[in-house]
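Undergrad: Handing you this structure, nothing more for now.
The values are calculated or read from the model by the stated rules, or taken from the named source; none is laboratory data. These figures come from a predicted structure and were not determined experimentally. So basically every Cβ, Gly included, is an ideal-geometry build from the backbone, and we count neighbours across all protein chains shown.
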Amino acid sequence: SQQGEEDPQALSIQEGENATMNCSYKTSINNLQWYRQNSGRGLVHLILIRSNEREKHSGRLRVTLDTSKKSSSLLITASRAADTASYFCATDGHADYKLSFGAGTTVTVRA
Amino acid sequence: EPEVTQTPSHQVTQMGQEVILRCVPISNHLYFYWYRQILGQKVEFLVSFYNNEISEKSEIFDDQFSVERPDGSNFTLKIRSTKLEDSAMYFCASSPELARQETQYFGPGTRLLVL
């Protein structure tokens, strides 16, 4: 299985602080994507990083990818209460159509 | 901005009943997917669909499940005889190209409760 696994499982931070979460996976990938899910709601796509990329930015989000370590990190800078959500990494393999999701990191941003 | 839409948002059914979950993918997308998320668990892949046929399916997607694209816009998931363990959030997704090349865009989900 190439499922991503996020670390930590839960994270609680103060508004304005940065939040970092990590994702590890097992097999080679084409892309790694990060999604956000607010409680009981749908999955919102945040960012896609391809296997030949090492870092990508989108607004307050920074994603890194280290294919040698089979890991990725998502950094949210200057967090806001609205960032409170679960964050999932999802990978797709060379021969797969499907995305494999990790268990997610639940982020709570305290006002 | 185009979105994937799903109906209904919530569905309650009795065990053994058939349910049909509906999705309208983004209009110029070619690949369609169903995933599910049992409460508190990971999002799991069910099936992918391209060119009017299933391109890949998981072990979860057994004979009680079927998918159809009945017209140019809708994409449906049918569960023939629901079980208690089918209770979950079901997400439809679409992408313009293969998953390995492009983002999959997810709908808001249908929460299915089987009693």
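Undergrad: Name the residue, out of A:A103, A:A90, A:A78, that is of a type outside the set (V, I, T) and away from chain B (no Cβ under 14 Å).
TA: Being of a type outside the set (V, I, T) and away from chain B (no Cβ under 14 Å) holds for just one of A:A103, A:A90, A:A78, which is A:A78.
Undergrad: What is the residue count in region A:7-28 for residues that are in a loop (DSSP other than H, G, I, E, B) and farther than 22 Å from B:Q41 by Cβ?
TA: 5
Undergrad: Limited to region B:1-22, what total is found for residues that are under 13 Å from the mean Cα position of the chain (by Cα) and assigned to a loop (DSSP other than H, G, I, E, B)?
TA: Residues meeting the conditions: 3.
Undergrad: For region B:33-64, enumerate the residues that are assigned to a strand (DSSP E or B), within 25 Å of A:W34 (Cβ to Cβ), more than 8 Å from chain A (Cβ to nearest Cβ) and hydrophobic (A, V, I, L, M, F, W, C).
TA: B:W34, B:L46, B:V47, B:F49
Undergrad: If you go through region B:23-48 one residue at a time, how many are surrounded by fewer than 16 Cβ atoms within 10 Å (Cβ to Cβ) and within 13 Å of the chain's Cα centre (by Cα)?
TA: Initially, region B:23-48 is screened for residues surrounded by fewer than 16 Cβ atoms within 10 Å (Cβ to Cβ), giving B:27-28, B:30, B:38-41.
With within 13 Å of the chain's Cα centre (by Cα) added as a condition, the list becomes none.
Of the residues in region B:23-48, 0 are surrounded by fewer than 16 Cβ atoms within 10 Å (Cβ to Cβ) and within 13 Å of the chain's Cα centre (by Cα).
Undergrad: Output the residues belonging to region A:53-95 that are in contact (Cβ under 8 Å) with a residue 60 or more places away in the chain, of a type outside the set (A, V, I, L, M) and not in a strand (DSSP E or B). Explain how you work it out, then say what you get.
TA: Here is the first cut: in region A:53-95, the residues in contact (Cβ under 8 Å) with a residue 60 or more places away in the chain are A:72, A:78-81, A:83, A:87-94.
Filter once more, keeping what is of a type outside the set (A, V, I, L, M): A:72, A:79-80, A:83, A:87-89, A:91-94.
Selection gives A:S79, A:R80, A:D83, A:G93, A:H94.
Undergrad: Got a number for residues in region B:10-32 being modelled with pLDDT of 95 or more and among the hydroxyl-bearing types (S, T, Y)?
TA: 1
Undergrad: Just to verify a result, which residue in region A:66-106, among those that are farther than 22 Å from B:S94 by Cβ, buried (at least 22 other Cβ atoms within 10 Å of the Cβ) and of a type in the set (V, I, T), is modelled with the lowest pLDDT?
TA: Here the residue is A:T105.
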